[in-house]
Structure formats: structure tokens, C-alpha cells
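Rule-based calculations on the coordinates, nothing more; no lab input. Fair warning: this is a prediction, and the values are worked out from it, not measured in the lab. Don't worry about glycine lacking a Cβ; one is built from the backbone with ideal geometry, like all the others, and counts go over all protein chains shown.
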Amino acid sequence: MAEKEIMVEVAFAKADEQRVISVALSKAESVEEVIKHSAILQRFPEIDLKKMTVGVFGKSCSLAKQVEDGDRIEIYRPLFQNPMQARRNRAAK
């Protein structure tokens with residue numbers, strides 16, 4: 001009996017560009033392995049997995065977490081400004 005293929009997405013967004021890459025896996029792998037398979041690190045060389053936080057569907061996780069079918073892995077950029085303060089600044093304009 002053939003194993004079911006696992007489909008996972010890897011997402012990364014900059015202020016001016018967003019990318020979501022679908023990855024098909026033959027078996028469950030770690031978040032880090034899936035990110036490497038997605039080739040997103042070549043597309044965005046500024047991604048540093050040692051410094052950036054990752055998560056699945058908005059919830060932080062470790063790079064060692066095993067993915068499940070349908071997961072969306074997100075790579076988070078560091079915030080330069082508190083989101084609440086940014087909203088206040090926009091409202092003040």
C-alpha cells in the first residue's frame with residue numbers, strides 16, 4: 001500500500017513581496033527540512049533560521065516540530081515597531 005502524500009505550505013512575507021510555496025512530501029518531516037525543500041531560502045537569502053521565529057498557522061514552534069498534512073509553515077521577520085504603536089502612528093496622520 002502506497003503512503004499518502006503530505007502537502008504543506010511555506011510562507012514568508014516582506015513589506016513589498018509575499019511568497020507561499022506548496023511542498024509535497026512522501027513522509028512527515030521537520031519544519032526545518034520542509035523549509036529547506038521549499039527552496040524559499042534561495043528566493044529570500046535574508047532568511048536566517050537561527051535568528052528568525054517560525055510557526056504553524058500563527059503559533060510559534062521549533063524547527064524540529066514534525067509537520068502534518070495541510071500545515072502552513074510561516075517564517076516571521078523581526079518587528080521594527082510595535083504593531084499597536086504603528087496603528088497609532090497611522091491614525092495620527
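General remarks:
- The GluC sites (Glu not before Pro) of the range 44-93 that meet both conditions, a loop assignment by DSSP and at most 14 other Cβ atoms within 10 Å of the site Cβ, are E46, E68.
- Test item: Cα-centred dipole of the range 6-92, Lys/Arg +1 and Asp/Glu -1 on Cβ, debye: 480
- Modelled label positions at A11 and E32, each set 7 Å beyond Cα in the direction of Cβ, lie 2.4 nm from each other.
- A straight chain from A24 to K4 at 0.36 nm per residue would run longer than the Cα-Cα distance by 6.2 nm.
- Counting only lysines at least 8 places from K36 when in the same chain, those with an alpha carbon closer than 19 Å to its own are K14, K27, K50, K51, K65.
- Positive end of the dipole of the chain (Cβ unit charges, origin at the Cα centre): among G55, A39, G70, the Cα lying farthest that way belongs to G55.
- Simple spin-label estimate for A64 and M84 in nanometres, 7 Å along Cα-Cβ: 3.4
- Computed over the chain, Cα set: Rg, Dmax in Å: 15.5, 62
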